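The structure under discussion appears below in the form of structure tokens.
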Amino acid sequence: MNYKFKTTLFFLAIGSIALLSSCKDDEEPTVAPETAAPTISEIEIGEANSMECEPGGDLHMDAEIVAEGKIDKITVDLHPESGEGDDIEAEYTEYSGLLNADFHQDLEIPSTTEVGDYHFHMTVTDQTGKSTSVEADIHIH
């Protein structure tokens, strides 16, 4: 009789442990917090923020960038307002993987670029696919 009692007690203990250590089904899965789109601030276009450059020269660009989703790429597009002339485009990937960056680049303006008014676009895209753009009007003379 002592053997039956010990065996029953053993199986009750094992069953109790199994019930107490089971997984909780009522917990909600953890959801990653939503990241904000990148921000672009303290932008400077042209030397001393002149918003000007010359054919055959460089367009100075400087900006502070913050991207919670980490920077993937920064693109710059410069196109003529009048529709005449060529678009000037550049993509910068050396900032990829950074949460924040002091973007400082000089965009080469071909010597064949028509003088006139141009529209400037800078877009920062993060690794989650979110993007932010800034625009400005510049003059090439």
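The values are calculated or read from the model by the stated rules, or taken from the named source; none is laboratory data. Since we're looking at a predicted model, the values are computed, not measured. Don't worry about glycine lacking a Cβ; one is built from the backbone with ideal geometry, like all the others, and counts go over all protein chains shown.
Would you say A136 is surrounded by 14 or more Cβ atoms within 10 Å (Cβ to Cβ), without any contact (Cβ under 8 Å) to a residue 40 or more places away in the chain and out of contact with any His (no Cβ under 7 Å at 6 or more places or on another chain)? Against the criterion (surrounded by 14 or more Cβ atoms within 10 Å (Cβ to Cβ), without any contact (Cβ under 8 Å) to a residue 40 or more places away in the chain and out of contact with any His (no Cβ under 7 Å at 6 or more places or on another chain)), A136 does not qualify.
Determine whether segment 75-97 contains at least one residue that is outside any strand (DSSP E or B), touching a residue at least 40 places away in the same chain (Cβ under 8 Å) and among the β-branched types (V, I, T). Scanning segment 75-97 turns up no residue that is outside any strand (DSSP E or B), touching a residue at least 40 places away in the same chain (Cβ under 8 Å) and among the β-branched types (V, I, T). Take S41 and decide whether it is among the polar types (S, T, N, Q) and either assigned to a helix (DSSP H, G or I) or more than 15 Å from H141 (Cβ to Cβ) (or both). Considered against the rule, which asks whether it is among the polar types (S, T, N, Q) and either assigned to a helix (DSSP H, G or I) or more than 15 Å from H141 (Cβ to Cβ) (or both), S41 comes out as yes. Filtering D62, D72, D58 for residues that are crowded, with 18+ Cβ neighbours inside 10 Å, among the charged types (D, E, K, R) and in contact (Cβ under 8 Å) with a residue 40 or more places away in the chain leaves a single hit, D72. Taking the numbered list (1) hydrophobic (A, V, I, L, M, F, W, C); (2) modelled with pLDDT under 95; (3) on the phi > 0 side of the Ramachandran plot in turn, V31 passes all entries but (3).
For first residues located in segment 101-117 and among the small types (G, A, S) and loosely packed, with under 12 Cβ neighbours inside 10 Å, partners that are modelled with pLDDT of 95 or more and assigned to a loop (DSSP other than H, G, I, E, B) and lie 6+ apart or on another chain with Cβ distances below 6 Å form the pairs S111/P55; S111/G56.
Restricting to segment 44-74, count the residues that are at negative phi and part of a loop (DSSP other than H, G, I, E, B).
So the answer is 7.
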